[in-house]
Amino acid sequence: MKEQPTMGGKSPRTLCIDIGGTGLKSMVVSVHGKALSERSLVEIPRPATPRAIGAALQKVIPGRAVFDRVSVGFPGVVVDGIVRTAHNLHPSWAGFDLATWLLRTTGRPTRVLNDAGVQGHGVVQGRGVELCVTLGTGFGFSLFVNGHYVPNVELGHHPFRKGKSYEDLLGEAALKKRGRKRWNRALGHAITQLQETFNFRVLYLGGGNARHVAIPLPRNVKTVDNVAGMLGGVKLWERD
Ligand code: BGC
């Protein structure tokens, strides 16, 4: 990773890490959301055990002189920095204290949250009910009420249609198997169902597959740049 010489600056620099189903990304970001390094990307090793991901993480962690704190978006349920589930990685993640592991590895304070939660932090406006759905390997979901995050709502695994979950019909595997047209049709149904269930003010659609969205979206549904997943990492530190 090529870093800019930012040492000596007063504002804390955040190493933002996004652990996805297929790729592991990292970037150093200023408090104003300015990229202070290039984005590093490595493939997720399989089987995606904590040990294998740990080795991959070492490859994207720059020298500690260029960052002051670490934020991680993890694709599963995370409580107090400890992983509870990792549906698209490996069952052996359950109980793994990722925050402490990173603190020990980097020597820097670390916050770990569900990936869709981190992404949501990067895009919400802080008014009313806002939802963020990430369309990638899995179906990520986060709920914010007046800017407050309601953690770990795993909507992706809830029943959606015809005995299938949201992730069954809108995850990467469904996009590949059923094709873009049917995936988009299912997305339309999901948006309607989310509106009727949550009565959201705004729904943000992010994740790598948001680029395949080809249906007209209601005015309160917006696609967002994937970089938000990274920028949300800075916002995590504005929480208490
Ligand atoms: C996981 C979620 C995650 C989503 C996107 C789902 O399979 O259960 O926790 O946010 O994938 O990565």
What number goes with the only condition from (1) in contact with a helix residue (DSSP H, G or I) (Cβ under 9 Å, 6 or more places away or on another chain); (2) farther than 12 Å from residue 152 by Cβ; (3) among the β-branched types (Val, Ile, Thr) that residue 85 does not pass?
(2)
Across segment 61-102, the tally of residues that are part of a helix (DSSP H, G or I) and either surrounded by fewer than 18 Cβ atoms within 10 Å (Cβ to Cβ) or of a type in the set (Phe, Trp, Tyr) (or both) stands at 8
Is it the case that some residue within segment 143-152 is in contact (Cβ under 8 Å) with a residue 24 or more places away in the chain, out of contact with any Asp or Glu (no Cβ under 6 Å at 6 or more places or on another chain), within 14 Å of the ligand (Cβ to nearest atom) and closer than 20 Å to residue 223 by Cβ?
yes
Search segment 109-121 for residues being under 10 Å from the mean Cα position of the chain (by Cα) and farther than 15 Å from residue 86 by Cα, and hand back the single one that is surrounded by the fewest Cβ atoms within 10 Å (Cβ to Cβ).
121
Of (1) within 16 Å of the ligand (Cβ to nearest atom); (2) over 14 Å from residue 206 (Cβ atoms), residue 134 fails just (2)
Within segment 153-164, is there a residue that is among the small types (Gly, Ala, Ser), within 16 Å of the ligand (Cβ to nearest atom) and not assigned by TED's automatic domain parsing to the domain that holds residue 62?
yes
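The values are calculated or read from the model by the stated rules, or taken from the named source; none is laboratory data. All values reported here derive from a predicted model rather than from experimental measurement. Please note: Cβ atoms are built from the backbone with ideal geometry, for glycine as well, and neighbour counts cover all protein chains shown.
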